[in-house]
Amino acid sequence: MDRAKRAACDPCRRRKVKCDRNTPCSNCQATQQTCVTTGFGQSHTGARQRVLISAQYEEKIDGIQQRLDGIEHLLRELLENSNKPATNRPSCSTTLAHTLAPALEVAVVPSGNPTRSTLAAQTLDVGAMVENTVKQTPSVRADPDVAAALSALHRMVQMHHQKPVASEIKFPDREALPEASILSLPLVPLNVVLPLLRGAKERPSPAFAATFNFMTLERFTEYCRAVYFATEPFTLSSFAIVNGGLYYMLTEKAYFDKSQDVREEYTEYRNLCAGNLRSAINSLGLLISTCDESIEALLVGASYAIEVSRPSLAWRMSSTAAQICQELGYHSLYPKPTERDGHKINYELLGALYILDKGLALRLGRASALPDQDIVGTSSDTVVDMDDLWQAIKYIWVQHAQIQGRIYDQLYSRQALLATPAERVRSAVNLAEATQRSMRQLMSLAERPENAVHGSASGDFGSATGRRTLILAEVVCHLSTLTLIYRSIHESPRSSKGDTRPSSDYVETARAAFRYHEELMVLFKGRLETQAYYIHWTLLFTPFTPLLVVFCHVFESLDPDDLHMLQNFTTSLEPVRHMSESIDQLHSVATTLYNVASSYLRARTKATEGPEAQMLDDSFTGYLNQLGLLPAPDEPYLSDARLISEPSQTMVAENWFSANLNLFGLLEGDFAVD
């Protein structure tokens, strides 16, 4: 090796002496060491491998970029294909989004984002379809109502795809305050509260009795005494219970008192209680005391949240109450007769919570927080005095709640949708039979003479009219449940060349629900507070499925009688829409559905068969496909004649159920008819 190029040997470098770079060097010869040169620790002056590595990475980065470009190209092709009408089965991403929307807070993708979601792309595609329809269809250009109906559908599709159902878990008009600040809020004057309590003792308030069915008036009076005559600091739960109970009592007085001045005064105090209750609800933490009082406060808050159309907030509170019940060991929904007196409060609390839990779980498409397998006892173990109308009604409420829980578990849960269609049909038949048995019990109660009713119901519901209104409201709820059961299985095959003819079972059941609703609104005429209470707890507590069924049937059969039912339903809500925000929202949705169906039926009757009629059909049904209310052309239906386990059949039921939930989820937002 050239001496100039040879590095210093390792022994010289360790000893830090100058090496003459010979082989062996003079130092190593003198010390008799092995002269070895490895170059370890030496700096390199030539070209380094690092530069070569960087060049290799640049080549790899270029390769990755090319692959990403290819993936982006494939995604663009998939996006374009997703905007076209489905021919085999619905988009997987669409189905997943429909399924998860009731349970999760979904982020809205801005339209300018190049990575926009498939749902946003589908919404824009439908918007373009509207413009093309208006431009190319003479009947649409000539009829501004049709164009307005299409625009309303367009807005519904946008809200359906972009607005999450679980949008709020608190009241936005109230901030969470420290407990000390909450407890110092002004209360209704005592000289107003005492007459209310005395009057409720002489003549029980129907609204209070129905909402506070888990609490006696005596227990509520004790809470009032603890708050108004506080010898020691009272709890936030007590504050919520008192304001909630007074809210319902004052609401009833505000509408029934003959004096205008008194009604205005009661309305002012009712609003005060509502504000206090909202503040208390926002401040109730998840780590509250494990006791009956906490459960009662959460039940009051959940009931109020249902009435103001905040089911997601109601679910949060009822789930927390369910956890407390389980921690306290309240697992016996139906105690034995010998244990009833000793566990009455536990029974009433768990029974009321069970009804709320099952109804809200079905309303939001979620699994129950109180699984039936964790509750000891069944309805058959209960000894109920069916002559006591109020006890009989509460017993039927629990039975109905059990059916609602089974509907989700056996028909619409993820596990149920993986079952074969034959298994789901058997489950639906069993659920329909259970619902019909419960309805027969209801009708038998309505047919009893007045002197056959006694007990806690005699004061409020002893008259024939009072009993009939109470029972018919529950019949409407049962019919809505039965419609949802039938809708899961009874379909007729659909093809692009023919319209859909649903089985008459669920259509007739939906029509029956509308007829009973009309009868109830006539019985409630002039009693706006009672009408509002009925709408809150019958039409809004769980989705009123007959509304969507009859609406869709107008498109499928062009039946003017169904359109007339929609019109009557919308008209029945008009006098009471100002009573609450949730009723006003329901009226807006119902009005939009009626206007859309009316415009379509009128335009479709005028249009001749041909390209124009086909374009009109495609315009309206395209929106309904986007909403999940109607399947896409050639999309298979689940029918008794075709019990084949196919993923596409499962998606049809899943899409419709999710669309049903999401459309009623619009009631949690700001939906108004433009």
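Worth a mention:
- Close pairs from the stretch 257-274: first surrounded by 12 or more Cβ atoms within 10 Å (Cβ to Cβ), partner assigned to a helix (DSSP H, G or I) and among the basic types (Lys, Arg), Cβ under 6 Å, at least 6 apart: 257/263; 266/253
- Here 400, 343 are screened, and the one residue that is modelled with pLDDT of 85 or more, within 27 Å of residue 322 (Cα to Cα) and either in the same structural domain as residue 467 (by TED's automatic domain parsing) or part of a helix (DSSP H, G or I) (or both) is 400.
- In the stretch 412-476, counting only helices (runs of 4 or more DSSP H) that sit wholly within it, the ones holding 1 or more residues that are modelled with pLDDT of 90 or more and in contact with a Ser or Thr (Cβ under 9 Å, 6 or more places away or on another chain) span 421-446.
- In the stretch 500-512, the count of residues that are surrounded by fewer than 24 Cβ atoms within 10 Å (Cβ to Cβ), of a type in the set (D, E, K, R) and at pLDDT 85 or above is one or more.
- Candidates 212, 208: the one that is modelled with pLDDT of 85 or more and within 26 Å of residue 310 (Cβ to Cβ) is 212.
- For the stretch 556-566, a residue qualifies if it is more than 26 Å from the chain's Cα centre (by Cα) and in a helix (DSSP H, G or I), and the qualifying residues are 556, 557, 560, 561, 562, 563, 564.
- Leading residue by the ranking (farthest from residue 529 (Cα to Cα)) among those in the stretch 199-210 that are without any contact (Cβ under 8 Å) to a residue 60 or more places away in the chain and surrounded by 11 or more Cβ atoms within 10 Å (Cβ to Cβ): 201
- Residue in the stretch 556-573 that is modelled with pLDDT under 90 and touching an Asp or Glu at 6+ places or on another chain (Cβ under 7 Å) present: yes
The values are calculated or read from the model by the stated rules, or taken from the named source; none is laboratory data. In this text the structure is predicted, and so the values were computed from the model without any measurement. Please note: Cβ atoms are built from the backbone with ideal geometry, for glycine as well, and neighbour counts cover all protein chains shown.
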